[in-house]
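The values are calculated or read from the model by the stated rules, or taken from the named source; none is laboratory data. Worth saying up front: this structure is predicted, and the values here are computed from it rather than measured. Positions of Cβ are backbone-derived with ideal geometry, glycine not excepted, and every protein chain shown enters the neighbour counts. The protein model used for the area step is the full one, side chains on, heavy atoms only, and it has no ligands, DNA or RNA in it. Shrake-Rupley method; radii C 1.70, N 1.55, O 1.52, S 1.80 Å.
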Amino acid sequence: MNELIAKIKELNAALITDAELQAGKGNKAAGTRARKASLELEKVLKEFRKVSLEESKK
């Protein structure tokens, strides 16, 4: 579970950094990276939800 939390923090930081670059400076490559990070974050969050539910049942 701690590994998932660390991965969520890492992806969230990357998403925010790249999204700010796109919004602030119009950096198109940063927008592409932000969208990619959002898709990866979605997958990790779904996995976190599954693990969290399993942990709460113990």
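Things worth noting here:
- Selection from the stretch 36-46 of residues that are surrounded by 14 or more Cβ atoms within 10 Å (Cβ to Cβ) and of a type outside the set (S, T, N, Q): Lys36, Ala37, Glu40, Leu41, Val44, Leu45
- Residue match in the stretch 47-55 (condition: among the polar types (S, T, N, Q) and either within 9 Å of the chain's Cα centre (by Cα) or open to solvent by 50 Å² or more (accessible area, probe 1.4 Å) (or both)): no
- Residue count for the stretch 1-34, restricted to those that are free of Cβ contacts under 8 Å to residues at least 24 places away in the same chain, surrounded by 13 or more Cβ atoms within 10 Å (Cβ to Cβ) and under 10 Å from the mean Cα position of the chain (by Cα): 3
- Among the residues here, Lys58 qualifies as outside any helix (DSSP H, G or I) and open to solvent by 80 Å² or more (accessible area, probe 1.4 Å).
- Within the stretch 37-58, residues that are under 18 Å from Ala14 (Cα atoms) have Cβ atoms under 6 Å from residues that are surrounded by 10 or more Cβ atoms within 10 Å (Cβ to Cβ) in these pairs: Ala37/Leu11; Ala37/Ala14; Ala37/Leu15; Ser38/Leu15; Glu40/Leu11; Leu41/Leu11; Val44/Lys7; Val44/Ile8, counting only partners at least 6 apart in sequence or on another chain.
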